[in-house]
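The structure under discussion appears below in the form of structure tokens.
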């Protein structure tokens, strides 16, 4: 055993350092589902800044130093408070916000979002089928993003009003009618945030022949 450790000590040190780096500073996250379409699509691999909000003790949720506060509009990875799965969604509510959704329209602190430039599209769903969808620009709290709706799909299109508790956040997927977000899993405590997703590292057509999508390589996540 001692001989084996001596022979492979540099490889062991490298992988230990790599593990600490990935669990403490930076990470990447593959996108397995369409819940963040059209911003992120199946087959994207995103870069995640793990110290965007907190410097944590490696391999734990214990915050050593608070670096910054999450903001509305940030796309974040986090651990689901419902089942422990890693998810990626967009923050739409921060502590103290009053949130409401009325027939797909998001309201934040009594102000409705503005929706511009609707475009009809076809959205892929299970079993290789497609359904009609609408891609549209959403303006809320001085932040702009592209979201989409699928009128033919059964979804929770109205809720609230609800008040976001202290040290918690409300998440929505950009694919509003196909996302298991805070409408279903509840508020997400800050300690469960993993980091902020900021760029697409790489992308491939995992639903069709695995061809790379070079145009998405390095694209910022807005």
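From the list 58, 30, which one is under 30 Å from residue 209 (Cβ atoms) and modelled with pLDDT under 95?
Answer to the check: 30.
So, in the range 63-72, how many residues would count as being in contact (Cβ under 8 Å) with a residue 24 or more places away in the chain and either surrounded by fewer than 16 Cβ atoms within 10 Å (Cβ to Cβ) or touching a helix residue (DSSP H, G or I) at 6+ places or on another chain (Cβ under 6 Å) (or both)?
Of the residues in the range 63-72, 2 are in contact (Cβ under 8 Å) with a residue 24 or more places away in the chain and either surrounded by fewer than 16 Cβ atoms within 10 Å (Cβ to Cβ) or touching a helix residue (DSSP H, G or I) at 6+ places or on another chain (Cβ under 6 Å) (or both).
Among the residues of the range 72-79, are any under 23 Å from residue 170 (Cβ atoms), in a strand (DSSP E or B), under 16 Å from the mean Cα position of the chain (by Cα) and at pLDDT below 95? Please lay out each step first, then the result.
At the first step, the residues of the range 72-79 found to be under 23 Å from residue 170 (Cβ atoms) are 72-79.
Now narrow it down to the ones that are in a strand (DSSP E or B): 75-79.
Filter once more, so that each one left must be under 16 Å from the mean Cα position of the chain (by Cα): 75-79.
With at pLDDT below 95 added as a condition, the list becomes none.
Among the residues of the range 72-79, not one is under 23 Å from residue 170 (Cβ atoms), in a strand (DSSP E or B), under 16 Å from the mean Cα position of the chain (by Cα) and at pLDDT below 95, which makes the answer no.
Suppose we keep only residues that are surrounded by fewer than 17 Cβ atoms within 10 Å (Cβ to Cβ) and closer than 14 Å to residue 38 by Cα within the range 120-131. Which one would you say is modelled with the lowest pLDDT?
125
Are any residues in the range 82-114 buried (at least 16 other Cβ atoms within 10 Å of the Cβ) and either in a loop (DSSP other than H, G, I, E, B) or modelled with pLDDT under 95 (or both), and if so, which ones?
Filtering the range 82-114 down to residues buried (at least 16 other Cβ atoms within 10 Å of the Cβ) leaves 87-95, 97, 99-101, 104, 106-108, 113.
If the condition is that a residue be buried (at least 16 other Cβ atoms within 10 Å of the Cβ) and either in a loop (DSSP other than H, G, I, E, B) or modelled with pLDDT under 95 (or both), then 94, 95, 97, 104, 113 are the ones that fit.
The values are calculated or read from the model by the stated rules, or taken from the named source; none is laboratory data. Owing to the predicted nature of the structure, the values given are computational and were not obtained by experimental measurement. Here the Cβ is made from the backbone with ideal geometry for all residues, glycine too, and neighbour counts use every protein chain on show.
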